[in-house]
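J.: I'd like to ask some things about the structure below.
The values are calculated or read from the model by the stated rules, or taken from the named source; none is laboratory data. Small disclaimer: the values here were computed from a predicted structure and weren't measured. Neighbour counts run over all protein chains shown; Cβ positions are idealised from the backbone, glycine included. When the accessible area is computed, the model is the full protein with side chains, heavy atoms only, and any ligands, DNA or RNA have been set aside. Shrake-Rupley method; radii C 1.70, N 1.55, O 1.52, S 1.80 Å.
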Amino acid sequence: MIRIKTEKELVHIRAACSVVAKVLSSLKGEIKPGITTRELDAFAEKQIVTLGALPAFKGYRGYKHATCLSVNEEVVHGIPGNKVLKDGDIIGVDAGAIVAGFYGDAAITFPVGKIDKKTEKLLRATKKALSLAIRQARAGKYLGDVSAAIEQHALKFGYRVVRDLYGHGIGSDLHEDPLIPNFGKAGQGPQLKKGMVLAIEPMFNLGGYKIETLKDGWTVVTADRSLSAHFEHTILITDGDPEILTEIKD
Ligand code: MF3
Ligand code: CO
């Protein structure tokens, strides 16, 4: 069942999402060659707490960190640790916050120093796919319209869409109905309604679509170790244009 949020719930969801946006925005300045993923995670956790929220991922199914930091061929759920970022890497930063029991969730893949053209293009296309998907997130449209927009954009560039991980509803839980595939057919699936809150998260690979999970039980990598990019926003379906709750406002 897809929960429709009340205005009261939305107050807290908005607050949680705004914390996530602020954290991602300030993390951007910390991402440079030489820093470890552990340092980035510590910075994010401190920010989340300072902003009056709780780190949503910490404790989720036994996960121990505030962020997932996924470098290069890591798709999602990279564990912060001793890894040192180097010039030309990309890093997917996924952060979640809880305010008064309500969740916000967003991710950005950042370049580290100077990245090559091919990688730059992958990032730009994945980000664009998210914005095209959000454009479809309107009352009266269908979930398949959102999914199809993502897949169609990947196809234009010959990128492969990750098929085994999904976006999701979000609210009083981090993961609520519906599952949001990054592929599908327009006009199919549940109809979208005002008050639904969705975390839409395209993941594009330069190589094949297949993924695997490393022995640490978390880190998802591309099976062929090709580069992967991930962008995510939590959005609200309204009467009119969708509201991007995790939009960075500067
Ligand atoms: N942001 C991820 C998602 O969208 C959740 C991270 S899994 C966790 O599903 F264990 F780290 F929380
Ligand atoms: Co998510």
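J.: Only one of Leu179, Leu155 is among the hydrophobic types (A, V, I, L, M, F, W, C), in contact with a strand residue (DSSP E or B) (Cβ under 7 Å, 6 or more places away or on another chain) and surrounded by fewer than 16 Cβ atoms within 10 Å (Cβ to Cβ); which?
T.: One residue alone meets the criteria, Leu179.
J.: Specify the residue that is least open to solvent (accessible area, probe 1.4 Å); the eligible residues are those in region 62-91 that are under 19 Å from Ser226 (Cα atoms) and among the basic types (Lys, Arg).
T.: Filtering first and then ranking leaves Lys83.
J.: Oh, and also: Considering only region 26-36, I want to know if a residue exists there that is open to solvent by 50 Å² or more (accessible area, probe 1.4 Å), more than 16 Å from ligand 1 (Cβ to nearest atom) and of a type in the set (A, V, I, L, M, F, W, C).
T.: No, the conditions are met nowhere in region 26-36.
J.: Write out, first by first residue and then by second, each pair whose Cβ atoms fall under 7 Å of each other, whose residues are 6+ apart or on separate chains, and whose first residue, in region 163-174, is under 14 Å from Ser147 (Cα atoms) while the second is within 13 Å of ligand 1 (Cβ to nearest atom) and open to solvent by 30 Å² or more (accessible area, probe 1.4 Å).
T.: Here the result reads Tyr166/Leu179; His168/His175; His168/Leu179, each pair linking region 163-174 to a residue that is within 13 Å of ligand 1 (Cβ to nearest atom) and open to solvent by 30 Å² or more (accessible area, probe 1.4 Å).
J.: Can I ask one more? Just name the residue that is most open to solvent (accessible area, probe 1.4 Å) out of those in region 214-250 that are under 24 Å from Gly171 (Cβ atoms), hydroxyl-bearing (Ser, Thr, Tyr) and in a loop (DSSP other than H, G, I, E, B).
T.: Thr238
J.: Looking for something within 14 Å of ligand 1 (Cβ to nearest atom), under 22 Å from Ala229 (Cβ atoms) and crowded, with 22+ Cβ neighbours inside 10 Å - is there at least one such residue anywhere in region 46-54?
T.: No.
J.: If Arg124 satisfies every condition in (1) surrounded by 23 or more Cβ atoms within 10 Å (Cβ to Cβ); (2) more than 14 Å from ligand 1 (Cβ to nearest atom) but one, which is the exception?
T.: (1)
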